[in-house]
Amino acid sequence: MLPAVLPGVGAVTQLLAVLAVSALLVVPVGRLLHGVFTGARHTAPERLTYRLLRVNPAEPMDWRRYALTLVLCNLVMLLVSYALIRLQPWLPWNPAGLAAQTPELAWNTAVSFMTNTNWQAYSGEQSLSYFSQMAVLTTFMFTSAATGFAAAAAFMRGLAGTNGAQLGNFWVDLTRIVYRVFLPLSFAVALILIWQGVPQTLNATVTAQTLQGETQRIALGPVASLESIKHLGTNGGGFFGMNAAHPFENPTPLTNALHVLCMLLLPTSLTYAFGRLLANRRQGWVIFGAMFTLFAVSLGALLLAEQGGNPVLGAAGADQSVTATQAGGNMEGKEVRFGVAQTALFAATTTAATTGSVNAMHDSLTPLGGLVTLVQMMLNSVFGGKGVGLINFTQYLILSVFLAGLMVGRTPEFLGKKIEAREVKLVMLAVLAHPLSILGFTALAVTLPAALGSLNNPGAHGFTEVLYAYTSATANNGSAFAGLNANTPFYNLTTGLAMLTGRYLTLLPMLAVAGLLAAKTRVPAGSGTLRTDTALFGGLTVAVLLIVGALTFLPALTLGPVTDHLQMLKGAVQ
Amino acid sequence: MSAGVRAAPLPPASRPPEPPASGDRKPGIFAPPLLRAALVASVRKLSPRAQARNPVMFVVYVGTFVTLLLTAQAAAQGRPWAYELTVTALLALTVLLANFAEGLAEARGKAQAASLRSAREDVTARRLTDGREETVPGALLRRGDLIVAESGDLIPADGEIVEGLASVDESAITGESAPVIREAGTDHSGVTGGTRVLSDRIVVRVTSGAGESFLDRMIALVEGASRQKTPNEIALGILLSGLTLVFLLATVTLYPFTAYAGAPAAPVTLVALLVCLIPTTIGGLLPAIGIAGMDRALQANVIAGSGKAVEVAGDVDVLLLDKTGTITVGNRLATDFRPLPGVDPADLMRAALLSSLQDPTPEGRSIVALARERGVNAPEPAGAEFVEFSAQTRMSGVDFVTPAGPVSIRKGAGSRVADLARERGAAVPPELTGITDAMARGGATPLVVIENSRLLGAVALSDVIKPGIRDRFEQLRRMGLRTVMITGDNPLTAAAIAREAGVDSFLAEATPEDKLAMIREEQRGGRLVAMMGDGTNDAPALAQADVGLAMNSGTQAAREAGNMVDLDSDPTKLLEIIEIGKGLLITRGALTTFSVANDVAKYFAILPALFVTAYPDLGALNVMRLHSPASAVLSAVIFNALIIPALVPLALRGVPYRPMSASSLLGRNLLVYGLGGLLLPFVAIKVTDLLITPLF
């Protein structure tokens, strides 16, 4: 069913180059992360922070304490942000005199940034004051991403089982990730972005005379600094409404590639850090390999789908072929400076790493291209964002271990620990979270007349828009398919709930799994034990991921993008 | 620990006539009586209580009622209802077939147990009360009662001999027709109900009253209602329930999704889709697999105390094996005479011969045979007094008087005989240690011979390694198991035998305490340990081991400490048990994988059928080119139902375990059950569709 038009050599070379650079960065950055997760020394700013927070960095936490601290910390941040957004008319730095967001919208915004979703049901400049943007959004860009990595660090330590039932200290993890990873990396990346022409200024706007003789006010701001953490932390909330399609956020193909590299940087390197923590680097590479394969296949499918073009546009007279002067393909909703290849790469990356920023409108992707982005978010473990991807992937590793472990004639063991009823229960709870939230809320939305009023398109495409909204929210991605008016009380409330379900109903059970496994005696490996660090096992995990994780959504996908695609082939326009 | 010498079979002349065959031990899977019992069970298990034990099948059960209601509704509204009724019937069939699989496994297990039990029904017992003997029905016996059994009597209950010695025919239980000796106060003091005393008279203390013997416990383990799920079965059950919930979500939400698309999916088809997607194949067969595992243990003449014990056997990492009987044939044989310098070899041989003439042990007899073979012969001296081997002296020998004076010959362990030599005022030549050490290094046990105050040399007693045992250990190593040989021998001898037999390590001069300590040490390292034992002093180690297999011939203490009893008292049985445990787990994993992999084809069969009304374009997904939406759904449901009985033989016999590394085993099973499970339903559903097409 895939279109037969192949992308040009130049397009493929670009993508391979970006993937190669990304792969080369895995080891050095993985080492850095490993050092952050295991180092014994605290730096001076860190010690100062602990003193200010009045926490004891030496306090060991078991999974219960760690999870409780994480949840309470997030809860306090949620309440404070909600209060700040609601109180913005009475707070400083609100030159435009913007009113407070409605309670539902404020709830949605606060949850969205706390869960690292960065779903924006509003338009930033018309709804949030500078103070709200800085105090809420920008702070969360660091802390929510760091929360995810802290959870991942605790999770990995638990699986490594190096410290008994103790998973580390939440405050130390959070602080170190911000100070040692995000701040220095964001600074460096921001400098490159500035070199490429991304604005970094405190001046608000420039006024320009257009060729038609009209006056245009061009918005500026400290864009570069926001862009760097937006992608490093796989946050995704843009400075401008157009997000990374805006020339000031993403001016050149080089910045586009840099954004992609930033999104992949930490999620890919985390697999290597995991391998080191386990003292089994093969294991890290097998996980990386499985994720990378899924990513490469997704990217390839997305590229082919977009390169194939849209027959409806073709029929209308658009030339979508690859020629010496154009890269061809479906250019609807894409930026000319990126073309099909760089757009496909960005779309595949932003949904794989659950960033949510976009450099093209996903609503205008071909139906199959849109399907790829949906599937990646539904799995939420093809690298995945901020540590959560690795945690989600582990669900499927454990499921695979259960099936495969039995098939070698032993009760299942993962990393030397027996997988028993309690762990299976928690893993299944986490596995249930995605279908429960995505399918449940979508079903609700297509049933309630109030919710259906938000749809701009009928039929399969409209269905895809709703499905995409809840998938994006549940996967804490935050990208919007557009075409859906999500700023209604119904959507604000339900997408908020979806974001919470997607984040905490996977993260907390899996943290518990790590805690339970950490407390178990290690079974020494022998030739009779199942090895999880082999290509065979990696392949099995991918199969389980596709059958258990993706097949669940096949009916919904069939009714959405697949139908859309088949109708497009017949020339029906929506 | 026992000396490891198994009760020797009686000479053929004293054997009683062959006992009636205790029934075919391995009846065909679909033997008519079993089939009848299974059919009855499949209906009887339809009660909601029985169904609720299995969440996956419970969903099918509820689904059947839902489709039945939908059929009635269609009929009441005057719409066609044949399709609805067919789906209902097929779902009901699915439930019945799952019940049937469980019922068949139960029937087989019960038949196996019943054939063992039949021997003990209507037995009368001769109970001793205050020294008086009275005849009571065997069913009235209580734990602690004393009973008398004489030649010809059936022993009415499990017990321990407190007085006397008897030869017992255990063929009803073990299938082995050679009688065995059971004797009070030895490690062979246990008797089992249903076995027959052939000679002599014994007094037995009953150790389990009616209804609590090993057999009764075993029968309970194969009966569905009282069967306790094993830990792994529970975990797998949770996994399957979780998958069921996921697929429940996927199908239930399809109704609003299709309603939005303008053509709500037929609820009957949605139920059909749900039933096809949830793991009914493994869900339906899971109880049968567990029961069949117990049944296979029973067929191997092993009675397990719990299903868990069999399951754990698959996980065992370390095997503690007694040297004698397991690795070597029971007896050591003389293989060489090594005289000290200056001693005539003939003198050594003659002394060894004389001291062994009245020695009834196989070792003693082999010394006589070897000496004679080497041309030394001597008549038994008149008035010779044989000194038996005792654990204290660790020597045996003979005393007699010749015209030259009294002669006292002793043979025994090197250190003890050297002590004796010193007591008798003789010097111990340094060469003696050289000789004995060389023998020990070669795997033999040196027996030093002394005549009066003159040390003569040593006899080498060598162990005979069982044929094929080396290959067996090689297999075990490939399976990832470590073998440890337990022996009372000295470290040098033990090392040589260990090398020759190919075990991974050994515990020499082992005491029961050493054994216990070793088990604890391995368990601290996270390893699971299996061992076999029979003596009372083995009891703590048997209890500590993760798999403790007690020999049925062993003492009551040993049998109660272990979690399994081997009716054959066969020391190599441990290996079989491990294979049964692994086979059980593999069967579960293989069928789960198969069941989950089946879903892909079922999606492609049902989804186009489900959506084609709303979006005719989705007909393109009908990759199997099935005849019509109705035929596609029915074909998938038929496949889903019939795959259960089709896999019953596999579930009951178990996926055969082949000793190989985990990686190759995984690759193999993934190919067969994963890829097979992915592809087979495409073919089967297409064929079914072709077959039922004429009906439309």
**Q.** Residues (crowded, with 24+ Cβ neighbours inside 10 Å and closer than 12 Å to residue A:145 by Cα) located in region A:229-241
**A.** A:230, A:231, A:232, A:233, A:234, A:235, A:236
Q: Report the residue count in region B:151-171 for those that are of a type in the set (Gly, Ala, Ser) and surrounded by fewer than 19 Cβ atoms within 10 Å (Cβ to Cβ).
A: 3
Q. Is at least one residue of region B:546-559 within 14 Å of chain A (Cβ to nearest Cβ) and either farther than 30 Å from residue B:316 by Cβ or open to solvent by 20 Å² or more (accessible area, probe 1.4 Å) (or both)?
A. yes
Q | Scope region A:427-471; condition in contact with a Phe, Trp or Tyr (Cβ under 8 Å, 6 or more places away or on another chain), without any contact (Cβ under 8 Å) to a residue 40 or more places away in the chain, surrounded by fewer than 20 Cβ atoms within 10 Å (Cβ to Cβ) and of a type in the set (Gly, Ala, Ser); matching residues | A | A:454
Q) Just checking, which of B:642, B:634, B:584, B:647 is under 30 Å from residue B:466 (Cα atoms), in the same structural domain as residue B:280 (by the TED database), at pLDDT 90 or above and assigned to a helix (DSSP H, G or I)? A) B:584
**Q.** Criterion: within 14 Å of chain A (Cβ to nearest Cβ) and either among the hydrophobic types (A, V, I, L, M, F, W, C) or surrounded by 24 or more Cβ atoms within 10 Å (Cβ to Cβ) (or both) - qualifying residue of B:623, B:565, B:637
**A.** B:623
Q: For region B:592-607, indicate whether the set of residues that are assigned to a helix (DSSP H, G or I), aromatic (Phe, Trp, Tyr) and farther than 21 Å from residue B:83 by Cα is non-empty.
A: yes
Q.
Can you tell me which of (1) over 22 Å from residue B:300 (Cβ atoms); (2) of a type in the set (Ser, Thr, Tyr); (3) open to solvent by less than 10 Å² (accessible area, probe 1.4 Å) is the one residue B:593 doesn't meet?
A. (3)
(Q) Going through B:680, B:690, B:610, B:666 one at a time, which residue ends up being farther than 25 Å from residue B:64 by Cα, in a helix (DSSP H, G or I) and within 12 Å of chain A (Cβ to nearest Cβ)? (A) B:666
Q: Please identify the pairs in which a residue from region B:666-688 that is within 30 Å of residue A:411 (Cβ to Cβ) and open to solvent by less than 20 Å² (accessible area, probe 1.4 Å) has its Cβ atom under 6 Å from the Cβ atom of a residue that is assigned to a helix (DSSP H, G or I) and of a type in the set (Val, Ile, Thr), counting only partners at least 6 apart or on another chain.
A: B:674/B:593
Q | Any hit, region A:496-509, residues being facing chain B (nearest Cβ under 10 Å), modelled with pLDDT of 90 or more, assigned to a helix (DSSP H, G or I) and surrounded by fewer than 23 Cβ atoms within 10 Å (Cβ to Cβ) | A | no
Q: Could you grab me the full set of residues in region B:128-150 that are exposed (fewer than 15 other Cβ atoms within 10 Å of the Cβ) and either modelled with pLDDT of 80 or more or in a loop (DSSP other than H, G, I, E, B) (or both)?
A: B:129, B:130, B:131, B:132, B:133, B:134, B:135, B:142, B:143, B:144, B:150
**Q.** Of all residues making up region A:543-556, the number that are more than 9 Å from chain B (Cβ to nearest Cβ) and crowded, with 20+ Cβ neighbours inside 10 Å
**A.** 2
**Q.** Positions within region B:514-545 being open to solvent by 30 Å² or more (accessible area, probe 1.4 Å), more than 16 Å from residue A:418 (Cβ to Cβ) and not aliphatic (A, V, I, L, M), in sequence order
**A.** B:514, B:520, B:521, B:536, B:537, B:540, B:544
Q. Considering only region B:279-308, how many residues are of a type in the set (Val, Ile, Thr) and not in a helix (DSSP H, G or I)?
A. 2
Q. Only one of (1) at the interface with chain A (Cβ under 9 Å from one of its Cβ atoms); (2) part of a helix (DSSP H, G or I); (3) surrounded by 19 or more Cβ atoms within 10 Å (Cβ to Cβ) is not met by residue B:655, so which one is it?
A. (2)
Q: Give region B:37-65 a look and list any residue that's open to solvent by 70 Å² or more (accessible area, probe 1.4 Å) and part of a loop (DSSP other than H, G, I, E, B), or say none.
A: B:53
Q: Search region B:596-607 for residues being among the β-branched types (Val, Ile, Thr) and facing another protein chain (nearest Cβ under 7 Å), and hand back the single one that is surrounded by the fewest Cβ atoms within 10 Å (Cβ to Cβ).
A: B:600
Q: Would you mention how many residues in region A:50-71 are open to solvent by less than 90 Å² (accessible area, probe 1.4 Å) and under 28 Å from the mean Cα position of the chain (by Cα)?
A: 8
Q) Could you say whether any residue in region A:205-228 is open to solvent by 30 Å² or more (accessible area, probe 1.4 Å), modelled with pLDDT under 85 and touching a helix residue (DSSP H, G or I) at 6+ places or on another chain (Cβ under 6 Å)? A) yes
Q | Criterion (outside the structural domain of residue B:544 (by the TED database), open to solvent by less than 20 Å² (accessible area, probe 1.4 Å) and either in contact with a Leu (Cβ under 7 Å, 6 or more places away or on another chain) or of a type in the set (Lys, Arg) (or both)) met by exactly one of B:292, B:352 | A | B:292
Q: Considering every residue within region B:371-387, establish whether at least one is of a type in the set (Phe, Trp, Tyr) and within 30 Å of residue B:507 (Cα to Cα).
A: no
Q: Among what's in region B:228-278 and is among the hydroxyl-bearing types (Ser, Thr, Tyr), assigned to a helix (DSSP H, G or I) and more than 33 Å from the chain's Cα centre (by Cα), pick the residue that is farthest from the other protein chains (Cβ to nearest Cβ).
A: B:269
Q: Residue by residue through region B:390-409, note down the ones that are under 47 Å from the mean Cα position of the chain (by Cα), within 19 Å of residue B:348 (Cβ to Cβ) and without any contact (Cβ under 8 Å) to a residue 40 or more places away in the chain.
A: B:395
Q. Going through region A:563-574 one residue at a time, which ones are within 8 Å of another protein chain (Cβ to nearest Cβ) and open to solvent by less than 20 Å² (accessible area, probe 1.4 Å)?
A. A:563, A:566
Q | Qualifying helices (runs of 4 or more DSSP H) (wholly inside region B:408-501; at least 1 residues being within 14 Å of another protein chain (Cβ to nearest Cβ) and open to solvent by less than 20 Å² (accessible area, probe 1.4 Å)) | A | B:469-478
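Under the condition of being of a type outside the set (Ser, Thr, Tyr), under 20 Å from residue A:166 (Cβ atoms) and not in a helix (DSSP H, G or I), which residue from region A:514-533 is farthest from the other protein chains (Cβ to nearest Cβ)?
Keep residues of region A:514-533 that are of a type outside the set (Ser, Thr, Tyr), which gives A:514-520, A:522-526, A:528, A:530-531, A:533.
Of the ones still in play, those that are also under 20 Å from residue A:166 (Cβ atoms) are A:514-520, A:522.
Next, only the ones that are not in a helix (DSSP H, G or I) stay: A:519-520, A:522.
Details: A:519: 13, A:520: 9, A:522: 5 Å.
Residue satisfying both the conditions and the ranking: A:519.
The values are calculated or read from the model by the stated rules, or taken from the named source; none is laboratory data. Note that this is a predicted model, so its numbers are computed, not measured. Note: ideal-geometry Cβ built from the backbone for every residue, glycine included; neighbour counts use all protein chains shown. Surface accessibility is based on the protein's heavy atoms, side chains included, excluding ligands, DNA and RNA. Shrake-Rupley method; radii C 1.70, N 1.55, O 1.52, S 1.80 Å.
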